[in-house]
Each structure stands twice: as structure tokens, then as C-alpha cells.
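Q: Please see the structure below; I have some questions.
Read-outs: derived from the displayed coordinates by stated rules, not from any lab. Not measured: the values here are computed from a predicted model. Here the Cβ positions follow ideal geometry from the backbone for every residue, glycine too, while neighbour counts run over all protein chains shown.
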């Protein structure tokens, strides 16, 4: 587990006019507070910690885009992670997940082999929409949910609702 003195990433973030660079991930300056809070929380889980490190050290440059509609996503064509830091998820079983866990979910998509991800995404699954979503939800997301004391999803559905913090549910 990271101490408060240790950086969130192994490399020191570099700043330009509008972004802070965490290795290969570019984060809008205005979002560094919520992003740092979410990453600190996610790094309590060993798999999320590995995925974050993989994203930081990727040969591909990625960009975090802050959204406000709860529609978190990863676009493999633009390498953009869209994340709403104030939108939690109510699962279809009545549980809840934090916005931070949603970020972890998208980081898994971003760090997975793009060819294998596209292949999995092309295969329909009735509960998870496709096998790529099933891979992430039943894999890293479920592991992190258990570690962080959050609820587990059993499908790729749910409803979003507003929260005051990226780590609230």
C-alpha cells in the first residue's frame, strides 16, 4: 500500500498548459485532485495497482476526459478514457459501486491487448453485452470490488446516480 509521501505513479507527473502527465496518461489539470483520490483508493487492490502501473508505462499515450453524464467508456481508436468522477453505479442486484471503480474498469480496457479486446468485444453475451465487458467485470472489477468492500456486478447494466466524491457510493 502506498504511503502519503509516495507518488501515485512511479514517475513524477509532468505539467504542460492544460494537462498533467502521469507517464503515458494525460490528465486535465482541473481533474488531478479527483483523479489522484480515485487512484489512491484503487491502488489498495493489487490488480488495480498493476493495471495503473501498466497504463502509466504504456508505449501508447492515453488521455483522460472528464464527462458529466455517467457514461464511462474507453475508446481504443483514440486511446481516451471518458470518466465521470461524480457518478456512482447502482447494480441490477441493488448494490453500488464508486466512480473510482468505474475508472478502474476503463483502465482495464485501456491496458488490455487491443486486438484481443476487439475480438472479445465482437462476441455477444446476453448478460454482459460482449465478452470483453464480461472479462473486465468478472475479472479485475470483481477482484477490486471485494478488496475495496464494494458490491459486485453480475451483468453490464445498472443505473448511475450522483455522488459527492470519486470514492463515494
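Q: All but one of (1) within 25 Å of residue 22 (Cα to Cα); (2) part of a loop (DSSP other than H, G, I, E, B); (3) touching a strand residue (DSSP E or B) at 6+ places or on another chain (Cβ under 9 Å) hold for residue 169, so report the exception by its number.
A: Tallying (1) within 25 Å of residue 22 (Cα to Cα); (2) part of a loop (DSSP other than H, G, I, E, B); (3) touching a strand residue (DSSP E or B) at 6+ places or on another chain (Cβ under 9 Å), residue 169 fails exactly one: (1).
Q: Just one of 62, 79 is in contact with a helix residue (DSSP H, G or I) (Cβ under 9 Å, 6 or more places away or on another chain), farther than 16 Å from residue 101 by Cα and touching a residue at least 40 places away in the same chain (Cβ under 8 Å); which is it?
A: Checking each option against the conditions leaves just 62.
Q: Which ones in the range 41-59 are out of contact with any helix residue (DSSP H, G or I) (no Cβ under 9 Å at 6 or more places or on another chain) and surrounded by 17 or more Cβ atoms within 10 Å (Cβ to Cβ)?
A: Answer for the range 41-59, where residues must be out of contact with any helix residue (DSSP H, G or I) (no Cβ under 9 Å at 6 or more places or on another chain) and surrounded by 17 or more Cβ atoms within 10 Å (Cβ to Cβ): just 56.
Q: Those residues that are over 23 Å from residue 65 (Cα atoms) and without any contact (Cβ under 8 Å) to a residue 24 or more places away in the chain, I need them from the range 95-114; list them, please.
A: none
Q: Among the strands (runs of 3 or more DSSP E) confined wholly to the range 44-108, which include 3 or more residues that are under 13 Å from the mean Cα position of the chain (by Cα) and farther than 13 Å from residue 167 by Cβ?
A: Answer list for the range 44-108: 62-66, 73-75, 80-83.
Q: Please work out which residue is surrounded by the most Cβ atoms within 10 Å (Cβ to Cβ), limiting yourself to the range 127-152 and to residues that are in contact with a strand residue (DSSP E or B) (Cβ under 7 Å, 6 or more places away or on another chain) and assigned to a loop (DSSP other than H, G, I, E, B).
A: 150
Q: Please list, ordered by first then second residue, the pairs with beta carbon atoms under 7 Å, 6 or more apart or interchain, first in the range 127-145 and in contact (Cβ under 8 Å) with a residue 40 or more places away in the chain, second in a helix (DSSP H, G or I) and surrounded by fewer than 19 Cβ atoms within 10 Å (Cβ to Cβ).
A: These pairs meet every condition: 140/47; 143/47; 144/47.
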